[in-house]
Amino acid sequence: MTSLADLRVIDAATLFAGPSAAMMLGDFGADVVKIEHPRRGDPSRGHGASVDGVGLWWKTLSRNKRNAAVDLSRAEGQEILRRLAERSDVLIENFRPGTLERWNLAPDDLLRANPRLVVARMTGFGQSGPMASRPGFGTLAEAMSGFAAMTGQPDGPPTLPPLALADGIAGLAMSYAIMVALHARERTGRGQVIDLAIIEPILGLLGPQMSAYKALGTVPERTGNRSTSNAPRNTYRTRDGRWLAISTSAQPIAERVMTLVGRADLVEQPWFASGHGRVQHVDELDEAVASWIAERDADEVIARFEEVQAAVAPIYDISDVARDPQYGALNTFVEVPDEELGSVTMQNVLFRMSDTPGEIRWPGRPLGRDTDEVLAELDYPDERITALREAGVIA
């Protein structure tokens with residue numbers, strides 16, 4: 001049994017944030033119809049690694065979605081989306097503010113035709129404000145949120161993440177917002193409009209920075225791999241050249257680490273009793289931990305940490321992840337049959353549920369693969385579908 005099998009979702013967004021929210025709904029059974037431009041397709045098809053010209057990121061991002069190629073800039077394409085919205089539960093879009101309105105697909109009009117529809121609007125800067133009309137991507141959110149300013153070494157430049165971090169966070173937030181709206185619909189019988197700006201959700205992960213700034217005037221600085229909340233917390237190189245990460249967010253863990261590395265005397269210091277106090281003595285703590293780790297191979301360090309129940313992990317690249325027994329035990333990665341590539345390995349559904357587990361039914365499909373099927377469900381006759389194809393409205 002899949003928990004969202006009674007939902008139809010229209011994914012009319014592009015690239016990563018909106019489509020990732022739709023992917024998560026599809027993982028739990030929602031019938032997701034991905035709308036792409038019939039000639040250009042979604043730009044994410046061309047991002048990242050590919051095999052024989054087939055993008056692998058696309059295969060994951062558009063898994064469990066049916067694919068319809070429709071030109072929404074044409075009146076006939078807009079009519080298709082309108083009819084689809086009348087029979088759907090959720091519409092996810094990331095056009096610049098005003099685009100749907102210009103296409104006679106304003107949320108208010110869609111809600112009049114289908115009062116139970118949830119219209120999820122994902123944009124860089126939201127639907128209002130002085131920057132609303134600008135193009136926005138996750139990189140700009142990573143810059144404007146303060147994330148880049150606090151990331152990197154103290155004497156180095158601000159550092160952007162090498163991945164679509166803000167988009168991924170926004171996608172998770174949007175999937176949650178959609179479920180909240182659907183839950184509210186159970187009480188009210190009405191859908192609603194969600195306005196999510198990609199610049200906002202990433203702020204929520206950066207902690208109470210605004211609270212501290214307003215109350216204390218503090219502005220976070222770059223600290224490399226150190227933390228401003230607790231110490232020791234860093235990456236450390238072992239005798240055999242491997243790198244390990246440790247965290248001491250919990251006080252008992254910090255005490256175990258320092259006792260293990262032979263500095264139980266520091267545990268007795270009054271300042272050691274809080275994360276804030278330990279941060280004031282970070283150089284002394286780091287030197288003790290780093291020197292102890294540098295004298296031992298990684299396997300020994302990990303074993304000793306595990307013996308005293310302290311937190312440690314090796315720093316992996318993807319080849320290490322592929323071999324790790326914990327990921328294997330969790331079935332984190334699965335091999336999925338694919339009509340273009342034979343099979344594709346991808347990350348599994350993000351969490352396990354005892355009664356209504358999610359599943360990957362298929363990877364991202366070729367452009368327009370399901371267009372005819374989707375239009376037939378909207379009662380378009382075969383001859384009309386053929387005419388639309390010949391006119392270039394669909395593919």
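The values are calculated or read from the model by the stated rules, or taken from the named source; none is laboratory data. Keep in mind the model is a prediction, meaning the values are calculated, not measured. Every residue, glycine as well, gets a Cβ built from its backbone with ideal geometry; the counts of neighbours run over all protein chains shown. To get the accessible areas, we keep the full protein, side chains included, count just its heavy atoms, and leave off ligands, DNA and RNA. Shrake-Rupley method; radii C 1.70, N 1.55, O 1.52, S 1.80 Å.
Of all residues in the range 360-387 being in contact (Cβ under 8 Å) with a residue 24 or more places away in the chain and aliphatic (A, V, I, L, M), which is surrounded by the most Cβ atoms within 10 Å (Cβ to Cβ)?
Applying the filter and picking the extreme gives 374.
Is it true that some residue in the range 96-105 is surrounded by fewer than 22 Cβ atoms within 10 Å (Cβ to Cβ), in the same structural domain as residue 34 (by the TED database) and touching a residue at least 60 places away in the same chain (Cβ under 8 Å)?
Looking for residues that are surrounded by fewer than 22 Cβ atoms within 10 Å (Cβ to Cβ), in the same structural domain as residue 34 (by the TED database) and touching a residue at least 60 places away in the same chain (Cβ under 8 Å), one finds none in the range 96-105, hence no.
Can you tell me which residues in the range 59-83 are of a type in the set (A, V, I, L, M, F, W, C) and either surrounded by 23 or more Cβ atoms within 10 Å (Cβ to Cβ) or touching a strand residue (DSSP E or B) at 6+ places or on another chain (Cβ under 8 Å) (or both)? Spell out the reasoning first.
Of the range 59-83, the ones of a type in the set (A, V, I, L, M, F, W, C) are 61, 68-70, 72, 75, 80-81.
Those that are of a type in the set (A, V, I, L, M, F, W, C) and either surrounded by 23 or more Cβ atoms within 10 Å (Cβ to Cβ) or touching a strand residue (DSSP E or B) at 6+ places or on another chain (Cβ under 8 Å) (or both): 61, 68, 69, 70, 72, 80, 81.
Inspect all residues belonging to the range 66-79 and state whether any of them is under 18 Å from the mean Cα position of the chain (by Cα), outside any loop (DSSP other than H, G, I, E, B) and of a type in the set (Val, Ile, Thr).
no
Only one residue in 151, 139 is in the same structural domain as residue 36 (by the TED database) and open to solvent by less than 60 Å² (accessible area, probe 1.4 Å). Which one?
Details: 139 fails: open to solvent by less than 60 Å² (accessible area, probe 1.4 Å).
Result: 151 is the single residue among 151, 139 that is in the same structural domain as residue 36 (by the TED database) and open to solvent by less than 60 Å² (accessible area, probe 1.4 Å).
Among the residues of the range 160-179, is any open to solvent by 20 Å² or more (accessible area, probe 1.4 Å), of a type outside the set (A, V, I, L, M, F, W, C) and farther than 26 Å from residue 4 by Cβ?
Within the range 160-179, one or more residues are open to solvent by 20 Å² or more (accessible area, probe 1.4 Å), of a type outside the set (A, V, I, L, M, F, W, C) and farther than 26 Å from residue 4 by Cβ.
Conditions first: (1) closer than 26 Å to residue 57 by Cβ; (2) outside any helix (DSSP H, G or I). Residue 172 passes all but one, so which condition is the exception?
Status for residue 172: all satisfied but (2).
Among the numbered criteria (1) surrounded by fewer than 23 Cβ atoms within 10 Å (Cβ to Cβ); (2) in a helix (DSSP H, G or I), which one does residue 40 miss?
That leaves (2) as the condition not met.
Suppose we filter 223, 218, 248, 228 for residues that are closer than 29 Å to residue 159 by Cα, in a loop (DSSP other than H, G, I, E, B), in the same structural domain as residue 306 (by the TED database) and out of contact with any Phe, Trp or Tyr (no Cβ under 7 Å at 6 or more places or on another chain); which single one remains?
Details: 223 fails: in the same structural domain as residue 306 (by the TED database); 218 fails: in the same structural domain as residue 306 (by the TED database); 228 fails: in the same structural domain as residue 306 (by the TED database).
Every option except 248 fails the conditions.
Could you list all residues from the range 268-302 that are hydroxyl-bearing (Ser, Thr, Tyr) and not in a loop (DSSP other than H, G, I, E, B)? Before you say what the answer is, go through the steps one by one.
Taking the range 268-302 as the starting set, the residues that turn out to be hydroxyl-bearing (Ser, Thr, Tyr) are 274, 291.
Correct list: 291 only.
Do any residues in the range 260-285 that are at pLDDT 95 or above have Cβ atoms under 9 Å from those of residues that are of a type in the set (Asp, Glu) and open to solvent by 50 Å² or more (accessible area, probe 1.4 Å), where the two are at least six apart or on different chains, and which pairs are they?
The qualifying pairs are 260/307; 263/284; 264/255; 266/284; 267/255; 272/255.
Which numbered condition trips up residue 255, out of (1) surrounded by fewer than 15 Cβ atoms within 10 Å (Cβ to Cβ); (2) in a helix (DSSP H, G or I); (3) charged (D, E, K, R)?
Tallying (1) surrounded by fewer than 15 Cβ atoms within 10 Å (Cβ to Cβ); (2) in a helix (DSSP H, G or I); (3) charged (D, E, K, R), residue 255 fails exactly one: (1).
Take the range 281-302 and flag every residue that is open to solvent by 20 Å² or more (accessible area, probe 1.4 Å) and touching a strand residue (DSSP E or B) at 6+ places or on another chain (Cβ under 8 Å).
290, 294, 302
Can you tell me which residue in the range 199-217 is surrounded by the fewest Cβ atoms within 10 Å (Cβ to Cβ), limited to those that are modelled with pLDDT of 95 or more and of a type outside the set (A, V, I, L, M, F, W, C)?
Going through the qualifying residues, I end up with 217.
Open to solvent by 80 Å² or more (accessible area, probe 1.4 Å), more than 29 Å from residue 128 (Cα to Cα) and at pLDDT 95 or above: does that describe residue 242? Before you say what the answer is, go through the steps one by one.
Working: open to solvent by 80 Å² or more (accessible area, probe 1.4 Å): yes; more than 29 Å from residue 128 (Cα to Cα): yes; at pLDDT 95 or above: yes.
For residue 242, the condition - open to solvent by 80 Å² or more (accessible area, probe 1.4 Å), more than 29 Å from residue 128 (Cα to Cα) and at pLDDT 95 or above - is met.
Say whether the condition of being of a type in the set (Phe, Trp, Tyr), open to solvent by less than 30 Å² (accessible area, probe 1.4 Å) and outside any helix (DSSP H, G or I) is met by at least one residue in the range 304-321.
No: the range 304-321 contains no residue that is of a type in the set (Phe, Trp, Tyr), open to solvent by less than 30 Å² (accessible area, probe 1.4 Å) and outside any helix (DSSP H, G or I).
Collect the residues in the range 21-59 that are closer than 21 Å to residue 85 by Cβ and within 16 Å of the chain's Cα centre (by Cα), keeping them in residue-number order.
Start the filter on the range 21-59 by keeping residues that are closer than 21 Å to residue 85 by Cβ, which leaves 21-26, 29-38, 42.
Once the filter is applied, which keeps residues that are closer than 21 Å to residue 85 by Cβ and within 16 Å of the chain's Cα centre (by Cα), the range 21-59 yields 21, 22, 23, 24, 25, 26.
Select, from 116, 190, 134, the only residue that is open to solvent by 30 Å² or more (accessible area, probe 1.4 Å), in a loop (DSSP other than H, G, I, E, B) and at pLDDT below 95.
Exactly one of 116, 190, 134 is open to solvent by 30 Å² or more (accessible area, probe 1.4 Å), in a loop (DSSP other than H, G, I, E, B) and at pLDDT below 95, namely 134.
Do you know which residues across the range 335-356 are touching a residue at least 24 places away in the same chain (Cβ under 8 Å) and open to solvent by 30 Å² or more (accessible area, probe 1.4 Å)?
Within the range 335-356, the first condition is being touching a residue at least 24 places away in the same chain (Cβ under 8 Å), and the residues that meet it are 336-341, 344, 346-347, 349-350, 353, 355-356.
Matches in the range 335-356: 337, 339, 340, 341, 347, 350, 353, 355.
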